[in-house]
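The values are calculated or read from the model by the stated rules, or taken from the named source; none is laboratory data. As the structure is a computational prediction, the values presented were derived from the model and not from experiment. Here the Cβ positions follow ideal geometry from the backbone for every residue, glycine too, while neighbour counts run over all protein chains shown.
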Amino acid sequence: MTDDVPTPWLNRERLIAWAGVFLMLEVAIFVMLVLQQANIAFGVGLSSIDFLSFYAAGKLVLAGTPALVYDQAAHYVAEQQVSAPGVPYVFFYYPPVFLLICAGLATLPYGMALLVFEGATFLLFAAVLRRILGERGRTWLIPVLAFPATFWNFGQGQNAYLSAALLGTFGLLLERRPFTAGAALGALCFKPHLGLLTPFALAAAGRWRAFIAAGVSAGVLLLLSLLLLGLDTWAAYLAAMAGADGTYASGRINFAGFVSLFGGLRLMGVPIQVAYVVQGIVTFGCGVAVVLVWRQREAPALRQAALLAATLLAVPLVLLYDQMIAVLALAWLMRSAGPEGLRGWERLLVVVAYPLTLMAPVLAIGLKAPVALGVDIVLLTLCLRRALRPG
């Protein structure tokens, strides 16, 4: 990697060293949050993480009552049995396909299940990311571990490592093994909104084998969940989803944790209907941009980077941990840059994104502005600038 004259100090070694310092700061914050979650220090009372909802859902499946996962009263009882009476409720709106994973995790003790899920999915994501970057050794992992989305995902026990790994596998295999790539994409049906723009990208590029494979893969998983969990579970899920908007759009989940345009507009007090209209316009624009990029036959790495970056802006429901997709987009952007690497000012923007993303919830509450959304806008701008410029 060569350095540009304006910022020669931002070479690879210094970037990794800076990320290491930032990582130590995050570890210190994480320890304090663990003490808070365990109600050992800071006197904030009982708190919950998202994994609690996964584990409680798995317990209901193992008890032979999977449909009760979508009954908030029954699910809340299960969460309290796992944690403690009066623990804050954590919503569960994942389709029954994800219950197959939850049931497997619920066969383990809670703490072990959390570590196994987060550890295994992160290793899978890291293996995919290493292939994208073409890196050797371990030092490249330091900036990945230091990126705040890694911190948010582990702290909440969320599944963003898994969704990012599937999207990364799709990108890696699309050119050589389109059927396998499509199967990986179809497996994302447990979080289908993250694949919102992918069908348009595949259609624009004429990747019909991957398109069909994705549909078959998702269909097989849906059928498997139907056979194992029953039609009543799917009926309960659809009924629960009919009221999901009342949870996400009303602020019952803090808008400071959103990194989407819709969440940012709601944080600023924009009415729901107006926020949806603006989000719809931006989603359409992102879709057009992705189609334009994917119609180009060259630069497959840039196509992947643009698709992932556009997804973060096109989807109304994107939370802090979902920015693992931004790590993936950045990896594809770096791959497209080749041996010369990113330009100095591009690296500077990446460096600034780290503290902004970490402080995003606090800044969002204080400023009533979607700070993390700015990171996603800059990332998409970088991708489109490289993908659509002449030559």
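State whether the residues of region 358-376 include one that is assigned to a helix (DSSP H, G or I) and either farther than 16 Å from Gly257 by Cα or charged (D, E, K, R) (or both).
At the first step, the residues of region 358-376 found to be assigned to a helix (DSSP H, G or I) are 358-367, 371-376.
Applying the additional criterion that residues be either farther than 16 Å from Gly257 by Cα or charged (D, E, K, R) (or both) yields 376.
Looking through region 358-376, at least one residue is assigned to a helix (DSSP H, G or I) and either farther than 16 Å from Gly257 by Cα or charged (D, E, K, R) (or both).
Just to be sure before I move on: is Ala364 at pLDDT below 90, over 22 Å from Leu185 (Cβ atoms) and out of contact with any Phe, Trp or Tyr (no Cβ under 8 Å at 6 or more places or on another chain) in the structure I sent?
No.
Given Val318, Val371, which one is of a type in the set (Val, Ile, Thr), in contact with a Leu (Cβ under 8 Å, 6 or more places away or on another chain) and crowded, with 24+ Cβ neighbours inside 10 Å? Working first, answer last.
Working: Val371 fails: crowded, with 24+ Cβ neighbours inside 10 Å.
Matching residue, one of Val318, Val371: Val318.
Could you check how many residues of region 109-136 are among the β-branched types (Val, Ile, Thr) and farther than 17 Å from Leu167 by Cα?
Number of matching residues: 1.
With region 201-273 as the region, which helices (runs of 4 or more DSSP H) entirely inside it contain at least 1 residues that are buried (at least 16 other Cβ atoms within 10 Å of the Cβ) and modelled with pLDDT of 95 or more?
Filter on region 201-273 gives 208-229, 231-241.
Could you list, in sequence order, the residues of region 278-333 that are closer than 19 Å to Arg385 by Cα, assigned to a helix (DSSP H, G or I) and of a type in the set (Gly, Ala, Ser)?
Gly285, Gly287, Ala289, Ala301, Ala305, Ala306, Ala309, Ala310, Ala314, Ala326, Ala329, Ala331
Looking only at region 354-391, which residues are touching a Gly at 6+ places or on another chain (Cβ under 9 Å) and among the basic types (Lys, Arg)?
Lys368
Give me a count of the residues in region 16-30 that are at pLDDT below 80 and not aromatic (Phe, Trp, Tyr).
If we filter region 16-30 for residues that are at pLDDT below 80, which is where we start, we get 30.
Pick out the ones that are also not aromatic (Phe, Trp, Tyr) and you get none.
Number satisfying all stated conditions: 0.
Just need a number here: residues in region 137-186 that are β-branched (Val, Ile, Thr) and not in a helix (DSSP H, G or I).
Going through region 137-186 one residue at a time, the tally reaches 1.
Filter region 95-119 down to the residues that are β-branched (Val, Ile, Thr) and in a helix (DSSP H, G or I), then identify the one that is farthest from Ala63 (Cα to Cα). Quick ask: steps written out before the conclusion?
Let us first name the residues in region 95-119 that are β-branched (Val, Ile, Thr), namely 97, 101, 107, 116.
Pick out the ones that are also in a helix (DSSP H, G or I) and you get 97, 101, 116.
Working: Val97: 17, Ile101: 15, Val116: 22 Å.
Taking the candidates together, the pick is Val116.
Among Ala113, Ala127, which is touching a helix residue (DSSP H, G or I) at 6+ places or on another chain (Cβ under 9 Å), buried (at least 17 other Cβ atoms within 10 Å of the Cβ) and either under 26 Å from Trp234 (Cβ atoms) or of a type in the set (Gly, Ala, Ser) (or both)?
Ala113
Quick one: in region 120-136, which of the residues that are touching a residue at least 40 places away in the same chain (Cβ under 8 Å) and not in a loop (DSSP other than H, G, I, E, B) is farthest from Leu105 (Cα to Cα)?
Leu133
Quick one: in region 150-175, of everything that is modelled with pLDDT of 95 or more and of a type in the set (Phe, Trp, Tyr), which residue is farthest from Leu307 (Cα to Cα)?
By that ranking, first place goes to Tyr161.
Pairs, please: C-beta under 6 Å, at least 6 apart or cross-chain, first residue more than 17 Å from Ala165 (Cβ to Cβ) and in region 329-345, second in a loop (DSSP other than H, G, I, E, B) and of a type outside the set (Gly, Ala, Ser)?
Short answer, once both residue conditions are applied: Glu340/Thr2; Gly341/Met1; Arg343/Asp4; Gly344/Asp4; Gly344/Pro6; Gly344/Thr7; Gly344/Leu10.
How about region 362-386: which of its residues are out of contact with any strand residue (DSSP E or B) (no Cβ under 9 Å at 6 or more places or on another chain) and closer than 18 Å to Ile325 by Cα?
Within region 362-386, Val371, Gly374, Val375, Asp376, Ile377, Val378, Leu379, Leu380, Thr381, Leu382, Cys383, Leu384 meet the criteria.
Checking the structure you have, find out if any residue of region 288-303 is small (Gly, Ala, Ser), without any contact (Cβ under 8 Å) to a residue 12 or more places away in the chain and out of contact with any Leu (no Cβ under 9 Å at 6 or more places or on another chain).
No.
Six or more apart or on different chains, Cβ atoms under 9 Å: show the pairs whose first residue is in region 218-238 and within 17 Å of Tyr93 (Cβ to Cβ) and whose second is modelled with pLDDT of 95 or more and acidic (Asp, Glu).
Ala236/Asp71
Right, Ala73: on the phi < 0 side of the Ramachandran plot, surrounded by 15 or more Cβ atoms within 10 Å (Cβ to Cβ) and modelled with pLDDT of 90 or more or not?
When the stated conditions are applied, Ala73 does not pass them.
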